[in-house]
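Remarks on the structure that follows.
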Amino acid sequence: MSDNQKNARNKKVLYGIIALLGVVIIVLGIYVYNLSNSSTTTIVTAPTKSVSSEKASSSIKKYVEGKDYKITYSNTNLIDKATIQKGLKASYLTDINDLMNTDEQTGSNMAKIEVYYNKDKNLLVERLFKNGYKDNQPTQTVGYDLQKQAMNLDKTFGNDYLNQPLVYTWEKLTK
């Protein structure tokens with residue numbers, strides 16, 4: 001093998017190593033970038049409330065079931081409590097302090113929540129009643145698709161819950 005052939009082969013190996021190092025550096029750069037930004041990235045999938053930790057820890061009141069609020073499960077032969085709770089959790093409706101909080105900036109200001117189960121559509125329909133509601137008209141109606149395990153925010157209609165079994169009720173008892 002001539003010196004020219006050896007030099008050409010060595011150059012090819014050197015270029016290959018440089019290209020490989022370049023790819024490794026780019027991949028590491030992307031990884032470090034994503035790692036450094038992952039702690040500040042927030043993905044919002046449903047309505048949320050932000051409360052500073054100082055305010056939350058100093059303003060949390062201990063609410064008592066039966067005195068301040070009442071929870072009723074019905075038709076548990078159709079759907080289990082854990083499945084209902086999963087839908088409520090996805091809707092941010094499991095925090096009693098938040099539900100009882102009447103401050104519109106930091107609380108849900110709820111008076112009542114009704115959850116209906118539409119077996120045909122495999123859907124939980126949540127009718128939300130804020131304090132001050134009238135004529136049994138909900139403030140908002142949302143759905144939780146049990147099959148997709150996702151909120152069904154803009155696609156829930158009266159026929160999704162009318163004549164369907166009521167499976168959960170949360171009611172605020174204190175004014």
Cβ charges +1 (Lys, Arg) and -1 (Asp, Glu), total dipole of segment 75-148, debye: 240
Considering the alpha-carbon set of segment 119-175 alone, what are its Rg and its Dmax in angstrom? 12.3, 37
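For K148 and I17 in the same chain, what is the full-extension length gain: residue separation times 0.36 nm, less their Cα-Cα distance, in nm?
Numbers: separation 131, 0.36 × 131 = 47.16 nm, distance 4.68 nm.
Between K148 and I17, full extension yields 42.5 nm more.
Just so you know, all these numbers are worked out from the coordinates, no wet-lab data involved. Values in this document were obtained by computation on a predicted structure and should not be read as measured data. Please note: Cβ atoms are built from the backbone with ideal geometry, for glycine as well, and neighbour counts cover all protein chains shown.
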